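Participant: Please read through the structure below; I'll follow up with questions.
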Amino acid sequence: MTAAADVRMTQAHMNAPPALTVRGATKRFGAVVALDGVDLTVRRGEVLALLGDNGAGKSTLIKCVSGVHRFDSGSVEMNGVPVEVTSPAVARTLGIETVYQDLALFDNLDPAANFYAGRETAGPRWLPRGLRVLRRGPMVETTADVLKRLQVGVADARTTVGLMSGGQRQAIAVARAAAFATNVVILDEPTAALGVRESRRVLDLILRLRDEGHAIVVISHAMDHVMEIADKAVVMRRGRMVGEEIPRPENRQKIVSLIVGGDD
Amino acid sequence: MVRATADNAARGRIGGYDPPSVGLAVIRIGPVLMLVVVVTVISFLSPVFLTTRNVGNVLGQTAAIAVLALAQLMVILTRGIDLSVGSTLALSAVVGAMVFESVQSGPIVILAMLATGTAVGAVNGALYVYGRLPHPFIVTLATLSAARGLALWLSGGQPHRGMPDIVQALGGGLLGWLPYSTFLVAGLALLTLLLTTRLVWGRWIYAVGGNPEGARRAAIPVKGVLISVYVLSGLAAGVAGVITAGRLNAGSPTFGELAELDAIAAVVIGGASFLGGRGNVANALVGALMIGVIRNGMNLLNVDAFLQPIVIGVVILIAVELDVIRGRLEERFRVIQAVRS
Ligand SMILES: Nc1ncnc2c1ncn2[C@@H]1O[C@H](COP(=O)(O)OP(=O)(O)O)[C@@H](O)[C@H]1O
Ligand SMILES: [Mg+2]
């Protein structure tokens with residue numbers, strides 16, 4: 001892609017409606033108010049960092065957006081169109097892919113089976129989905145292509161994911177999201193369990209996804225990573241948005257104090 | 001040759017020659033190796049063991065366990081357990097015998113037996129999934145008790161003699177020296193193999209066992225998958241009921257006592273993981289054969305009958321220990337991967 005095309009694409013993203021907009025989201029778990037009127041906007045080609053102390057409600061917010069939980073109230077728009085994310089299946093068809101904190105990989109399956117879990121390539125089409133015959137070839141090929149495109153090195157594509165290192169596993173999870181996301185990629189603490197070198201890879205992977213035009217929401221506690229990759233940082237505390245900053249070195253202290261709530 | 005080795009090792013393949021890889025490969029074929037060793041030892045000690053007649057005998061005695069083990073494998077793959085299959089076997093045999101007393105039709109008797117097993121399986125699956133119980137242990141323990149009680153009550157506690165010819169053939173008939181039931185087991189094993197390795201449903205079974213919450217998030221119909229394995233396990237208990245009733249030409253409420261433990265032991269001995277998500281049809285068959293061969297061998301060698309359960313217990317322990325060692329080796333393998341990457 002030429003530089004000019006790159007600029008045009010970015011402008012198109014600026015003018016288009018945001019890939020994802022959440023308005024007035026609330027969610028309770030019994031007496032716990034996990035989300036208390038949250039707004040959120042992400043555009044294509046943008047990395048939004050979602051920050052906040054433990055228990056702030058970050059995971060709950062993204063789980064609602066990806067259909068694992070449902071908002072008690074609030075609205076969601078994708079590309080300007082109101083949508084209801086009633087289940088993980090709906091989120092998938094809307095082009096939202098999520099890398100959960102607790103990974104949600106299948107350790108007993110190989111990368112291709114992980115990529116296509118719940119959306120297996122199979123036929124013939126007149127049979128109910130579960131009774132169709134797997135078409136392994138295309139699934140393995142596509143998986144290999146995606147891993148290559150995103151420069152994720154896997155020793156052997158037939159090895160089960162459980163035999164891979166933490167960094168490889170995280171990279172597989174991110175690549176899976178990248179392979180199927182057409183709108184939004186959400187990542188919950190993607191580098192939390194990783195060493196320096198492995199984190200580097202995942203960060204590069206996220207930047208590559210951004211360059212491909214995905215809207216990206218990333219939850220992270222690693223301020224260095226946030227400062228490096230995010231275009232926008234929003235801070236949550238006790239289920240509310242308490243601030244939004246551009247992550248620049250001069251803002252770093254301000255962001256940190258928003259997170260810890262030093263101005264209470 | 002050297003190059004290929006280095007290449008494999010560099011790519012971190014299982015099958016490369018670093019110690020964890022070799023260890024994992026050995027563990028994977030461990031159950032088959034054990035079976036070969038046991039067969040070899042017994043055949044040296046007893047001249048009768050490898051005669052066609054005795055081999056047919058072992059296969060015939062193992063058929064019911066093998067059928068139960070094939071289904072138990074699928075249950076265990078989903079991190080479940082089905083304790084009710086022995087009782088269900090008895091219930092379906094009793095129902096079959098009693099239906100035969102009023103309807104002299106082989107197919108109808110067989111249908112009744114399969115339907116009985118399937119019904120118990122459906123109850124297990126539905127209670128487990130819709131009762132939101134944390135683990136199928138309790139549900140299937142309850143049906144273990146209830147199905148046995150029902151079999152005793154229906155039969156008046158007595159064996160009912162007589163089974164249709166076709167049932168007798170399936171349970172005890174021979175083609176040459178091979179029991180018909182062996183072909184039945186082979187056919188069911190093939191179907192199970194196709195289901196677990198070729199169909200989307202089978203892939204879902206592994207996914208649910210590997211990561212139930214992940215499967216839910218991947219939009220896999222977790223409840224349907226769970227119910228299906230208990231239904232299949234009940235159906236298998238019905239088939240095992242046909243084999244057992246045919247072999248003994250009767251339906252008795254005492255059939256299949258502790259058969260559930262044989263089935264579970266077979267799956268574990270064969271090398272599937274009790275923790276779910278790992279295992280295949282070969283594991284179930286090898287495990288069932290191991291149990292059959294050990295029992296038969298010890299009979300031939302006139303070993304005290306009380307020793308048999310002890311030996312089987314030891315084999316189970318070995319199998320579980322292999323699973324633990326596998327876990328450790330995989331950890332080492334992961335470290336090697338991390339260092340290499
Ligand atoms: N499934 C749940 N059931 C009950 N409470 C929950 C659940 N998930 C989250 N919570 C509660 O909601 C609040 C927000 O949690 P979470 O979204 O996980 O925070 P974060 O990801 O920012 O650390 C916490 O008080 C947490 O205990
Ligand atoms: Mg969290």
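The values are calculated or read from the model by the stated rules, or taken from the named source; none is laboratory data. These numbers were taken from a predicted model, which means no experiment stands behind them. Glycine also receives a Cβ, built like all others from the backbone with ideal geometry; neighbour counts cover every protein chain displayed. Note: accessible area is taken over every heavy atom of the protein model, side chains too, but ligands, DNA and RNA are not part of it. Shrake-Rupley method; radii C 1.70, N 1.55, O 1.52, S 1.80 Å.
Participant: Taking segment A:27-47, which residues are away from ligand 2 (no atom under 16 Å from the Cβ) and under 28 Å from residue A:229 (Cα atoms)?
Facilitator: A:36, A:37, A:39, A:41, A:42, A:43, A:44, A:45, A:46, A:47
Participant: Answer with yes or no whether residue B:238 is open to solvent by 40 Å² or more (accessible area, probe 1.4 Å), small (Gly, Ala, Ser) and closer than 28 Å to residue B:105 by Cα.
Facilitator: So residue B:238 does not fit the description; no.
Participant: I would also like to ask the following. Only one residue in A:185, A:146, A:174, A:140 is surrounded by fewer than 20 Cβ atoms within 10 Å (Cβ to Cβ), within 17 Å of the chain's Cα centre (by Cα) and either more than 29 Å from residue A:83 (Cα to Cα) or of a type in the set (Val, Ile, Thr) (or both), so which one is that?
Facilitator: After applying the criteria, what remains is A:146.
Participant: Restricting the search to segment A:98-117, which residues are under 17 Å from the mean Cα position of the chain (by Cα) and small (Gly, Ala, Ser)?
Facilitator: If the condition is that a residue be under 17 Å from the mean Cα position of the chain (by Cα) and small (Gly, Ala, Ser), then A:104 is the only one that fits.
Participant: Next question. Within segment B:316-325, identify whether any single residue is of a type in the set (Gly, Ala, Ser) and touching a residue at least 12 places away in the same chain (Cβ under 8 Å), and answer yes or no.
Facilitator: Yes, the conditions are met somewhere in segment B:316-325.
Participant: Tally time: how many residues in segment A:226-236 are surrounded by fewer than 20 Cβ atoms within 10 Å (Cβ to Cβ) and within 16 Å of ligand 1 (Cβ to nearest atom)?
Facilitator: Of the residues in that region, 0 qualify.
Participant: Now, a different point. So which of B:293, B:339, B:311 is more than 20 Å from residue B:137 (Cβ to Cβ) and at pLDDT below 85?
Facilitator: So the residue among B:293, B:339, B:311 that is more than 20 Å from residue B:137 (Cβ to Cβ) and at pLDDT below 85 is B:339.
Participant: In segment B:314-341, what residues are within 26 Å of the chain's Cα centre (by Cα) and of a type in the set (Asp, Glu)?
Facilitator: B:321, B:323, B:330
Participant: Turning to a different aspect of this structure: Take the conditions within 14 Å of chain A (Cβ to nearest Cβ), farther than 27 Å from residue B:215 by Cβ and part of a helix (DSSP H, G or I) and apply them to residue B:339. Does it pass? Please lay out each step first, then the result.
Facilitator: On the way: within 14 Å of chain A (Cβ to nearest Cβ): yes; farther than 27 Å from residue B:215 by Cβ: yes; part of a helix (DSSP H, G or I): yes.
The answer is yes for residue B:339.
Participant: Quick one: in segment B:196-210, of everything that is open to solvent by 10 Å² or more (accessible area, probe 1.4 Å) and without any contact (Cβ under 8 Å) to a residue 40 or more places away in the chain, which residue is nearest to the other protein chains (Cβ to nearest Cβ)?
Facilitator: Looking at the filtered set, the residue picked out is B:201.
Participant: Please determine, by comparing only the residues of segment A:190-200 that are within 16 Å of the chain's Cα centre (by Cα) and crowded, with 18+ Cβ neighbours inside 10 Å, which one is nearest to ligand 2 (Cβ to nearest atom).
Facilitator: Among those that are within 16 Å of the chain's Cα centre (by Cα) and crowded, with 18+ Cβ neighbours inside 10 Å, it is A:190.
Participant: Condition first: buried (at least 24 other Cβ atoms within 10 Å of the Cβ) and at pLDDT 95 or above. Can you find one or more residues in segment B:267-274 that meet it?
Facilitator: yes
Participant: Residues that are surrounded by 18 or more Cβ atoms within 10 Å (Cβ to Cβ), more than 14 Å from ligand 1 (Cβ to nearest atom) and of a type in the set (Lys, Arg): which strands (runs of 3 or more DSSP E) entirely in segment A:13-92 hold 1 or more of them?
Facilitator: none
Participant: Right, here's the next one. Mind listing whichever residues of segment A:240-256 are outside any strand (DSSP E or B) and surrounded by 17 or more Cβ atoms within 10 Å (Cβ to Cβ)?
Facilitator: Of segment A:240-256, the ones outside any strand (DSSP E or B) are A:246-256.
Hits for segment A:240-256 are A:247, A:255.
Participant: I've got another one for you. Before we move on, is residue A:204 more than 30 Å from residue A:257 (Cβ to Cβ) and open to solvent by 30 Å² or more (accessible area, probe 1.4 Å)?
Facilitator: no
Participant: Please identify the pairs in which a residue from segment A:237-256 that is within 16 Å of ligand 2 (Cβ to nearest atom) has its Cβ atom under 9 Å from the Cβ atom of a residue that is open to solvent by less than 40 Å² (accessible area, probe 1.4 Å) and in a helix (DSSP H, G or I), counting only partners at least 6 apart or on another chain.
Facilitator: Partner pairs satisfying both residue conditions: A:237/A:258; A:237/A:259; A:239/A:60; A:239/A:61.
Yes/no matrix, rows are residues, columns are (1) farther than 19 Å from residue A:99 by Cβ; (2) more than 16 Å from ligand 2 (Cβ to nearest atom):
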{"site": "A:53", "(1), (2)": "yes, no"}
{"site": "A:59", "(1), (2)": "no, no"}
{"site": "A:66", "(1), (2)": "no, no"}
{"site": "A:80", "(1), (2)": "yes, yes"}
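Participant: For segment B:211-224, give me the residue count where each residue is open to solvent by less than 40 Å² (accessible area, probe 1.4 Å) and at the interface with chain A (Cβ under 8 Å from one of its Cβ atoms).
Facilitator: Residues in segment B:211-224 being open to solvent by less than 40 Å² (accessible area, probe 1.4 Å) and at the interface with chain A (Cβ under 8 Å from one of its Cβ atoms): 8 in total.
Participant: Can you give me the ranges of the helices (runs of 4 or more DSSP H) entirely in segment B:141-257 with at least 2 residues that are under 23 Å from residue B:122 (Cα atoms)? Steps first, answer last, please.
Facilitator: Working: elements: B:165-172, B:180-198, B:200-210, B:212-217, B:222-248.
So the answer is B:180-198, B:200-210, B:212-217, B:222-248.
Participant: Checking residue B:228 against (1) within 14 Å of chain A (Cβ to nearest Cβ); (2) closer than 25 Å to residue B:92 by Cα; (3) surrounded by fewer than 19 Cβ atoms within 10 Å (Cβ to Cβ); (4) in contact (Cβ under 8 Å) with a residue 12 or more places away in the chain, which test does it fail?
Facilitator: Condition not satisfied by residue B:228: (3).
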